[in-house]
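**Q** Okay, here's the structure, questions in a sec.
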Amino acid sequence: MYLVDYHTHSSYFSPDGRSTMEELCEAAIARGISELCVTEHCDVNGWDGKPCELDDDSYYDMLDRMRGIYGERLIILSGLELGQPTQNMDLARRYASNPRLDFIIGSLHNLEGFEDFYFLEYPDEESCRPLISRYFSEQYEMVEKADFDVLGHIGYPLRYIQGRAGISFDVSEFTEEIIELFRVLVREGKGIELNTSGLRQPYGKTMPTPDLVKLYRECGGEIITLGSDSHIARDIGAGIKEGMEILEAAGFTHFTVYRRREPQFVKI
Ligand SMILES: [Zn+2]
Ligand SMILES: [Zn+2]
């Protein structure tokens, strides 16, 4: 089984990362992972008032150093998790333009003018509805306008609405919007990721959920990457095998890896 992890954070460039890149690489090798893509956070609206640090070459030089140490045992890719690109398109373009990049996840962690969904309160189901509606429309705009390869963790607010606030919000009332989102992804030559982090959290599900992975496939979606969203070495590769089973059950025969922003397809 060819295992990859295409969503990981280290303590070197992600403010919430807890393990060094060396620790991530060693964990990947120990778990039989063939490709590790480091996707450090790069939110255009900064992090605690500090700008993203990934707009010079030091990150890419560090990844080259990792290749020097581990390159014979592990393929190491240069990635970014580009947060809220449409909220500052000039910065997003700058971060995404580095020719040494292999892969970019476009993520929406906060609606324009709001804090990260992580920090919001969800008193009841009714209060969630307008947030979810805007969540899908802002993602649609991102897919149309911004430069990235796959849309990150679709359903992210539900990790907190269902997983933390315990509100059984039924996202199926937004099926039309979700279909539109999947169609624009296909039109734009972009894909989605299957983010397995929710499996090891109270939420208990992947993002997107298996039924939405199937819907994406039915909408013509072919590009799909697999990522643990690890912020610590012990989580590297977590849920990837389960993720491959979800892909297969949804009708996928391949998952996607990237080289210099070009998708390649690997048989499941
Ligand atoms: Zn994220
Ligand atoms: Zn992440």
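**Q** Please state which one of Thr39, Thr20, Thr8 is in contact with a Phe, Trp or Tyr (Cβ under 8 Å, 6 or more places away or on another chain) and under 10 Å from His231 (Cα atoms).
**A** Residue meeting the stated conditions: Thr20.
**Q** Is there a residue in the stretch 213-229 that is buried (at least 20 other Cβ atoms within 10 Å of the Cβ), in contact (Cβ under 8 Å) with a residue 60 or more places away in the chain, within 21 Å of Cys37 (Cβ to Cβ) and away from ligand 1 (no atom under 16 Å from the Cβ)?
**A** Yes, that holds for at least one residue.
**Q** Next up: Any residue in the stretch 120-135 that is within 16 Å of ligand 2 (Cβ to nearest atom) and within 18 Å of the chain's Cα centre (by Cα)?
**A** no
**Q** Within the stretch 248-268, take every residue that is in contact with a Pro (Cβ under 9 Å, 6 or more places away or on another chain) and not in a loop (DSSP other than H, G, I, E, B) and give me the one that is surrounded by the fewest Cβ atoms within 10 Å (Cβ to Cβ).
**A** Looking at the filtered set, the residue picked out is Ala249.
**Q** Hey, among the residues in the stretch 20-38 that are touching a strand residue (DSSP E or B) at 6+ places or on another chain (Cβ under 8 Å) and of a type outside the set (A, V, I, L, M), which one's nearest to ligand 1 (Cβ to nearest atom)?
**A** It comes out as Cys37.
**Q** Let me ask something else. Restricting to the stretch 170-204, name every residue that is part of a loop (DSSP other than H, G, I, E, B) and surrounded by fewer than 18 Cβ atoms within 10 Å (Cβ to Cβ).
**A** Asp170, Glu188, Gly189, Gln201, Pro202, Gly204
**Q** Another one. Return yes when Val186 is under 16 Å from the mean Cα position of the chain (by Cα) and either farther than 21 Å from Tyr135 by Cβ or in contact (Cβ under 8 Å) with a residue 24 or more places away in the chain (or both) and no when it is not.
**A** no
**Q** Turning to a different aspect of this structure: What number of residues in the stretch 116-162 are basic (Lys, Arg) and either within 17 Å of Leu185 (Cα to Cα) or part of a loop (DSSP other than H, G, I, E, B) (or both)? Reasoning before the result, please.
**A** Looking only at the stretch 116-162, we keep the residues that are basic (Lys, Arg), and these are 129, 134, 145, 159.
Pick out the ones that are also either within 17 Å of Leu185 (Cα to Cα) or part of a loop (DSSP other than H, G, I, E, B) (or both) and you get 145.
The qualifying residues number 1.
**Q** A further question on this structure: Being small (Gly, Ala, Ser) and loosely packed, with under 15 Cβ neighbours inside 10 Å is the filter here; which residues of the stretch 70-124 pass it?
**A** Gly71, Ser97, Gly113
**Q** May I pose another question? Considering each of Leu77, Leu54, Leu101 in turn, give the residue that is modelled with pLDDT under 95, more than 14 Å from ligand 1 (Cβ to nearest atom) and within 19 Å of the chain's Cα centre (by Cα).
**A** Leu54
**Q** Another one. Name the single residue that is farthest from Phe148 (Cα to Cα) among those in the stretch 165-199 being within 16 Å of ligand 1 (Cβ to nearest atom) and hydrophobic (A, V, I, L, M, F, W, C).
**A** Going through the qualifying residues, I end up with Leu199.
The values are calculated or read from the model by the stated rules, or taken from the named source; none is laboratory data. Here the structure is a predicted model, which means the values were calculated and not measured. Glycine gets a Cβ as well: all are built from the backbone with ideal geometry, and neighbour counts include every protein chain shown.
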